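Structure first, commentary second.
The values are calculated or read from the model by the stated rules, or taken from the named source; none is laboratory data. Worth saying up front: this structure is predicted, and the values here are computed from it rather than measured. Because the Cβ atoms are built from the backbone with ideal geometry, glycine has one as well, and the counts that use them run over all protein chains shown.
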Amino acid sequence: MSEQDNAPTFNIQRMYLKDASLEQPNSPQILLEQQAPEVDIALAVAAAALAEGIVEVTVTGTVTAKIGDKTLFLCEARQAGIFEVRNIPDEQMNGIVSVVCPQMIFPYLRANISDLTVRAGFPPVLLNEVNFQAMYESQAQAQGEAPAENA
């Protein structure tokens, strides 16, 4: 093996929309309501090894808009990326798949959710930027783990 074979490698193989859905269970009646909806946004990150040195990272965004107790719409999208990650120290891998990869995927998720809500006839839902480092550290702390340095 040459030194190049042992060099740290991080490459994006592919970005893709894995799943998207939009439901309007109370349409068309709820569209006549004049009050502004309450909007709830939830994000989740998941990772799965596909092969040696190849990982799929998925960021899921769920947007629920309600007027009172009735749902105006429910929009969910799962944006994924396949990454080649080789020769990275184990203590840095969690940070890469929990912070670096989601940061690269998030703009695509944000655009897809906005586009989906606009195509459904609603104003665009613009997801605020997310601090995936803080999210990772919070989850690690909740699980009693120490986050990797310089993740």
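A few points about this structure:
- Against the numbered list (1) small (Gly, Ala, Ser); (2) without any contact (Cβ under 8 Å) to a residue 40 or more places away in the chain; (3) touching a strand residue (DSSP E or B) at 6+ places or on another chain (Cβ under 8 Å), residue 77 comes up short only at (2).
- Selection from region 76-112 of residues that are surrounded by fewer than 19 Cβ atoms within 10 Å (Cβ to Cβ), within 17 Å of residue 20 (Cα to Cα) and of a type in the set (D, E, K, R): 76
Residue-by-condition table, conditions (1) at pLDDT below 95; (2) closer than 15 Å to residue 65 by Cβ:
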site: 4; (1), (2): yes, no
site: 14; (1), (2): no, no
site: 18; (1), (2): no, no
site: 31; (1), (2): yes, yes
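- The residues on offer are 84, 56, 76, and the sole one that is in a strand (DSSP E or B), at pLDDT 95 or above, in contact with a Ser or Thr (Cβ under 8 Å, 6 or more places away or on another chain) and over 30 Å from residue 121 (Cα atoms) is 84.
- Residues that are closer than 29 Å to residue 133 by Cβ and loosely packed, with under 12 Cβ neighbours inside 10 Å within region 51-75 comprise 51, 52, listed in sequence order.
- Some residue of region 138-149 being touching a residue at least 60 places away in the same chain (Cβ under 8 Å) and either of a type outside the set (A, V, I, L, M) or within 22 Å of residue 19 (Cβ to Cβ) (or both): no
- Restricting 31, 43, 22, 17 to those that are over 26 Å from the mean Cα position of the chain (by Cα) and either in a strand (DSSP E or B) or surrounded by 12 or more Cβ atoms within 10 Å (Cβ to Cβ) (or both) reduces the list to 31.
- Residue in region 112-122 that is outside any strand (DSSP E or B) and closer than 26 Å to residue 138 by Cα present: yes
- Meets criteria (farther than 17 Å from residue 47 by Cα, surrounded by 14 or more Cβ atoms within 10 Å (Cβ to Cβ) and touching a helix residue (DSSP H, G or I) at 6+ places or on another chain (Cβ under 8 Å)) for residue 127: yes
- Looking at 111, 42, 48, 65, just one residue is in contact (Cβ under 8 Å) with a residue 24 or more places away in the chain, at negative phi and out of contact with any Lys or Arg (no Cβ under 9 Å at 6 or more places or on another chain), and that residue is 65.
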